[in-house]
Amino acid sequence: MNDWQNFIQTQPNALFMRNFIADADQLGLILVTGDDAQSFLQNQLSNDISHIDKTKSQLSSYSTAKGRMLGIFRIIQIDNGYILITTKSLVPNLISRLQMYVLSSKVSLADASGHFARFVVQTDLLDTSPASSITNKQLPDTTNAVLQNDSVISLQLNQLDSQNRYLFLCLSFDEAKSLWYQFSENLNVANFESWRLSDIRAGIPSIYPQTVEKFVLQMSNLDLLDGVSFKKGCYPGQEIIARMHYLGKLKRRLFLATLETSLCPLPGEEICMSDAASADGSGMVVDAIIDDNGLCHCLYVAQIKKVSEKTLCLLNQPSINLNIADLPYSLPV
């Protein structure tokens, strides 16, 4: 949608942590249609897709046979199939991988990223009165809820700091621009890093090219975020994921830390013991963004024991402390 991209380039681009609207072009969309779309996705993804409909979205993942994640998705159902929302740079490879298993199924896969204008909203400027700062007629009222009409899909995602978080997908440029102006009258116009930071602080993991096949879904806390069903049938990696759930003791989890550094680590960077001279398998950065006060917020997967012993550091910045921060949900003891 070139008109949307040209429009967004005329908008401010700054980092905000509260009450903002931001373009979400870095989110990619995979369209899955056909008579067998539901059964196909049920056999490929970690969650039970039969639990969603056009009013409710779902977090899920796609893994290798060894249980290593290839991607994490937010899934919505539409009239003629499903939309999988994920990291845009992963979309071509994910479609190619999924296409290998279509076989004789009546399923079509397509990159729909270019067909929708996408933006996100985070705000607490909502109430139910007629004088509300932001109209809520197109804002779902509960986490995971979805509203749809002929040209706009809106989703409410996990709350953060008592602020509601929304994603909009718009087929019409004119309607996307109208909504943008409506919301931006009362919100800060932000960059996408503001949303990445919001996801990081909310403990919501993303997979990037650098971290493909690096984590089993429980390591990234997807089991704590309703991103997996342990009651559904088989899917790639299901045996390993189920064994870890029922029989194993999980040794790694997703954690949140703040780092006092101007050089925020990139996804896939190694975390190691403080006395290590090279990567030792202790952990890995999932995502990291510096906030508007110059503090780096970092999601990382690491060995639980080493995190509790406070012996970890960035391999490339060993003098920088990983200051553990609380996730907005509880980790199992």
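The values are calculated or read from the model by the stated rules, or taken from the named source; none is laboratory data. Fair warning: this is a prediction, and the values are worked out from it, not measured in the lab. Every residue, glycine among them, receives a Cβ derived from its backbone with ideal geometry; neighbour counts consider all protein chains shown.
Summary table below
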item	result
Matching residues, region 184-199, being of a type outside the set (Asp, Glu), in contact with a strand residue (DSSP E or B) (Cβ under 7 Å, 6 or more places away or on another chain) and surrounded by fewer than 23 Cβ atoms within 10 Å (Cβ to Cβ)	184, 187, 188, 189, 191, 192, 196
Any hit, region 315-327, residues being modelled with pLDDT under 95 and small (Gly, Ala, Ser)	yes
Conditions (1) surrounded by fewer than 14 Cβ atoms within 10 Å (Cβ to Cβ); (2) of a type outside the set (Asp, Glu); (3) farther than 28 Å from residue 47 by Cβ: number failed by residue 313	(1)
Number of the exception - residue 89 against (1) in a loop (DSSP other than H, G, I, E, B); (2) at pLDDT 95 or above	(1)
Every residue from region 265-290 that is buried (at least 18 other Cβ atoms within 10 Å of the Cβ) and assigned to a loop (DSSP other than H, G, I, E, B)	265, 267, 269, 282
Condition check for residue 187: at pLDDT below 95 and either within 30 Å of residue 5 (Cα to Cα) or touching a Lys or Arg at 6+ places or on another chain (Cβ under 8 Å) (or both)	yes
Odd one out for residue 333, checked against (1) in a loop (DSSP other than H, G, I, E, B); (2) modelled with pLDDT under 95; (3) assigned by TED's automatic domain parsing to the domain that holds residue 221	(3)
Some residue of region 42-49 being surrounded by 21 or more Cβ atoms within 10 Å (Cβ to Cβ) and in a strand (DSSP E or B)	yes
